[in-house]
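Colleague: Quick one: the structure is below, questions incoming.
The values are calculated or read from the model by the stated rules, or taken from the named source; none is laboratory data. Source: prediction; values computed, not measured. Reconstructed Cβ throughout: ideal geometry from the backbone, glycine too, with neighbour counts over all protein chains shown. Quick note on the areas: whole protein, heavy atoms, side chains included, nothing else; ligands and nucleic acids left out. Shrake-Rupley method; radii C 1.70, N 1.55, O 1.52, S 1.80 Å.
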Amino acid sequence: MSESEEPLIEAAKRARLQSVAPFSNFLVGAAVKTEGGKVYTGCNVESASYGLTVCAERVAIWKALSEGERNFTELAVVADTETLTPPCGTCRQIIWEFAKGATIVFANLDGKREEFHIADLLPRAFDARFLKNK
Ligand code: THU
């Protein structure tokens, strides 16, 4: 784990405190860093229609994409769990499509961290290549 990821983890921790999670009370924060060094954060936002809930990772990625960003170097995900919380399956797909090159850091509030790449979290992923390969 490189120490240079700590500021991104801190940004994800701050974003986590904005979580709108009245149903699960499970607070998650995320932060993505762009090639240019900008940071976009996200928190999970839950809907009373539970299936409409959006995870912290996707909120961060949507915010960055909607500001025109396309290239990401790091993504941090923070939750208060002893076993580090990984991105859900839906987020893995979105990370594969939009932040493939990013180093993904899972972190908790006790200083535990682990690094991954999306190819290891989502092997044999589906993406736009298949749509052109009939
Ligand atoms: N959640 C995230 O925001 N990111 C994850 O990586 C796992 C799950 C959220 C969705 C929901 O608001 C709550 O955690 C419980 O599933």
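Colleague: Can you run down the residue pairs with Cβ atoms below 6 Å, 6 or more apart or on separate chains, where the first is in region 108-134 and farther than 28 Å from D80 by Cβ and at pLDDT 95 or above and the partner is open to solvent by less than 100 Å² (accessible area, probe 1.4 Å) and among the acidic types (D, E)?
Modeller: D127/E97
Colleague: Something else: Within the group T85, T103, which residue is away from the ligand (no atom under 15 Å from the Cβ) and under 11 Å from the mean Cα position of the chain (by Cα)?
Modeller: It is T103.
Colleague: The conditions are (1) free of Cβ contacts under 8 Å to residues at least 12 places away in the same chain; (2) more than 10 Å from the ligand (Cβ to nearest atom), and S47 fails exactly one of them. Which is it?
Modeller: (2)
Colleague: Across region 28-41, which residue is nearest to the chain's Cα centre (by Cα) among those that are more than 14 Å from I104 (Cα to Cα) and either within 8 Å of the ligand (Cβ to nearest atom) or open to solvent by 70 Å² or more (accessible area, probe 1.4 Å) (or both)?
Modeller: Here the answer is V28.
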